[in-house]
Amino acid sequence: MRLRRPFVHAALAVCLALTGSSVRAEPGAAVQPVGAVGAVGMTVSDLDRSVDFYTKVLSFEKLSEVETYGSDLERLQGVFGLRIRRAHLRLGGELIELTEYLAPRGRPVPIDTRSQDRWFQHIAIIVSDMDEAYAWLRQNKITHASTGPQLLPETIPAAAGIRAFYFKDPDGHHLEILQFPKDKGDQRWRRQDGRLFLGRSSHR
């Protein structure tokens, strides 16, 4: 699976991790299960704009930026004349990778994208206070993907009590903020260190 067009999520790593799939190996070779996701990748149309959004609105820290081209990259992705800019950002202990394709530019995500589409992916960001986080996102004029924060119902026992809100980044990638109740989620999501945006949780 190769998703290389601008505006499209590079989502294979997330799919593997969430389904517990193993990496495909040559016949006779040992098959190692996927244990973790190093970074979630998203393709963006304007790297500077996206870095600005993720760092200033969602509190990510920019770690690095590189521009890459050449025959090795072309063979790796199967695209002739390829040139990209890529940035790594961190929130808490998790990383995201943003890639802008300078050449070729590619095509945008279909405007009628729905969450039930087979290729649909998103990332969830854990917050310490849903009301405060939602107010901050509204202040920064984000695009809503849901009407507002919602409390997941008791009819879904594993998710009951979790609060969630969907919105979009400047390219229309779906994002989600989540707040866990005291009896759910990893201990690290309940740290009281004054941070509003705590980290990324990989989601389909």
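What to note about this one:
- Stretching Ala36 away from Glu65 to a fully extended chain increases their span by 8.1 nm, per 0.36 nm per residue minus the current alpha-carbon distance.
- The H on the amide N of Val44, modeled in the peptide plane, is under 5 Å from the matching H of Phe7, Thr99, Glu100, Tyr101, each at least 5 residues off or on a different chain.
- Coil-residue trypsin sites (Lys or Arg not before Pro) of segment 58-134, DSSP, other Cβ within 10 Å capped at 16: Arg105, Arg114, Arg118
- Taking each residue as 0.36 nm, the span from Arg83 to Thr155 lengthens on full extension beyond its C-alpha to C-alpha distance by 21.1 nm.
- Taken about its Cα centre, segment 122-203 carries a charge dipole of about 140 debye when Lys and Arg each add +1 at the Cβ and Asp and Glu each add -1 at the Cβ.
- The mean sequence separation of alpha-carbon pairs under 8 Å and at least six residues apart, normalised by the residue count of segment 122-203, gives a relative contact order of 45 percent.
- FRET efficiency, Arg49 to Asp72 (Cβ-Cβ, R0 30 Å, nearest 0.05): 0.60
- Kirkwood-based shape ratio for segment 26-92, expressed as Rg/Rh from alpha carbons: 1.09
Here, each number is a calculation from the coordinates, and none is a lab measurement. Here the structure is a predicted model, which means the values were calculated and not measured. Every residue, glycine among them, receives a Cβ derived from its backbone with ideal geometry; neighbour counts consider all protein chains shown.
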